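Contents: one structure, followed by commentary.
The values are calculated or read from the model by the stated rules, or taken from the named source; none is laboratory data. Not measured: the values here are computed from a predicted model. Cβ: placed from backbone, ideal geometry, glycine included. Neighbour counts: every protein chain shown. The area values use the complete protein model at the heavy-atom level, side chains included, leaving out ligands, DNA and RNA. Shrake-Rupley method; radii C 1.70, N 1.55, O 1.52, S 1.80 Å.
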Amino acid sequence: MTVFKAALAATLATVAAVAVQVTSALAAYPDRPITLVVPFAAGGPTDVVARIMGDHMSRTLGQQVVIENVTGAGGTTGATRVKRAAPDGYTVLMGNLGSMSASVAMYGEKLQYDPRTDFEFILNTGGVPMYLVPKKDLPVKDFKEFVTYVKANAAKLNFGSGGVGATSHLTCLFLHSLLGVDVTHVPFKGSGPAMQAVLAGQVDYVCDQSTTVVPQIQGGALRGFAIAAEKRSTLTPDVPTSAEVELPKFIVSGWNALFAPKGTPADIVTKINAAAVASLKDEAVKKKLNDIGVVIPDDAALTPAALGAHVKSEVDKWSPVIKAAGVTGN
């Protein structure tokens, strides 16, 4: 019995020591730089949002947030890396609609993670509204005429996007599903080249986000036929909403969000969430994000639980669209 009591006492002492170490580690977090993986190229919308927020979060957390661009396979390469990282709060992900929702249907069994279950949710950083913009000489003057024209000429038309699975691609697929048409897809290596193609008249139209489209609308180079949002944007006050053009279901937001590897302690998730929320509340950060069209969520949507529900709803929304279109990842 004495030996048993001694062994039990030693075990309890070990457990207590581990608990103290864990508590101490949580209290000290972060004590070294944090890597924020952006699964897309530098300079793109997700990268820009990550850098704007990461700079402010570095000051809040007291450690540098280092952006690392890990590209490939529609953002799934970077997401897979974060999924496999140690769940200690030092590697996090800035995922988006494509990598963390559309990927489920696009890659199927080849996808090495389930965005609904294989990550800890941190925060939805905000959405970027999507626009429908045609080339300048498309012979239609507004959205109503566009719909009639596309339905009559779908086999002759094409649309450009930033690549298979890009938000710009998915947005047009969604529009086509609502209109009941099938239009040829012309993928480019990023939204920039796709925008240059529609400016040059090489593609008939694009469905792209405000960061790319707004400067062209404001400069008069392109016309905005609709914004896939519930409210008009102050950046383009003359562009009608999807409801105003009588297609209320055409709501698409090119959202970005923060994720951590599954098993990251709740206290660390809370700290990262608080730092991210603080960045979104900062007036300088808000202005930078608003200037590129980012719509910051209200307070109720800035929680891990809200992001989890959002990811699930986006998977449910996009899976049937992607499967019906027969789109698959590489």
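A few remarks follow.
- Highest average packing first - 119-128, 267-276, 29-38, Cβ atoms within 10 Å: 119-128, 267-276, 29-38
- The overall shape of the range 158-234, judged from the alpha-carbon gyration tensor, is oblate: a/c is not under 1.5, and a/b is no greater than b/c.
- Crossing angle, helix 304-325 versus the chain [Cα axis fit, 0-90 degrees, rounded to tens]: 40 degrees
- Cα-based helix-to-principal-axis angle, 143-153 vs the chain, degrees rounded to 10: 80 degrees
- GNM on the chain, alpha-carbon springs under 10 angstrom: the most fluctuating residue among Val147, Val133, Val65 is Val147.
- Of Lys83/Lys110; Lys135/Lys317; Lys249/Lys288; Lys287/Lys312, those spanning more than 20 Å from alpha-carbon to alpha-carbon: Lys135/Lys317; Lys249/Lys288; Lys287/Lys312
- Ellipticity estimate at 222 nm from DSSP helix runs (n ≥ 4, -39,500 (n - 2.57)) divided over the chain, nearest 500: -14000 deg cm²/dmol
- Residue with peak Gaussian network fluctuation, the chain [Cα springs, cutoff 10 Å], from Ser210, Ser177, Ser279: Ser177
- Computed FRET value (nearest 0.05) for Lys110 with Ala309, which takes r as the C-beta separation and R₀ as 22 Å: 0.25
- Each Lys and Arg Cβ is given +1 and each Asp and Glu Cβ -1; about its Cα centre, the chain then shows a dipole of about 320 debye.
- Projecting label points 7 angstrom from Cα along Cα→Cβ for Lys231 and Ala266 puts them 3.3 nm apart.
- Nitroxide proxy distance, nm - points 7 Å out along Cα→Cβ at Arg59 and Asn158: 4.7 nm
- By accessible area, using a 1.4 Å probe on protein heavy atoms only, the range 170-284 has 53% of its surface on carbon and sulfur.
- Once the Cα atoms are used to define both axes, helix 167-179 deviates from the longest principal axis of the chain by about 50 degrees.
- Accessible area per residue, Å², the chain with all protein chains present, probe 1.4 Å: 45 Å²
- Within a straight-line Cα-Cα reach of under 12 Å, Lys156 can be paired with the following aspartates and glutamates, leaving aside sequence neighbours fewer than 8 residues apart in one chain: Asp182, Asp204.
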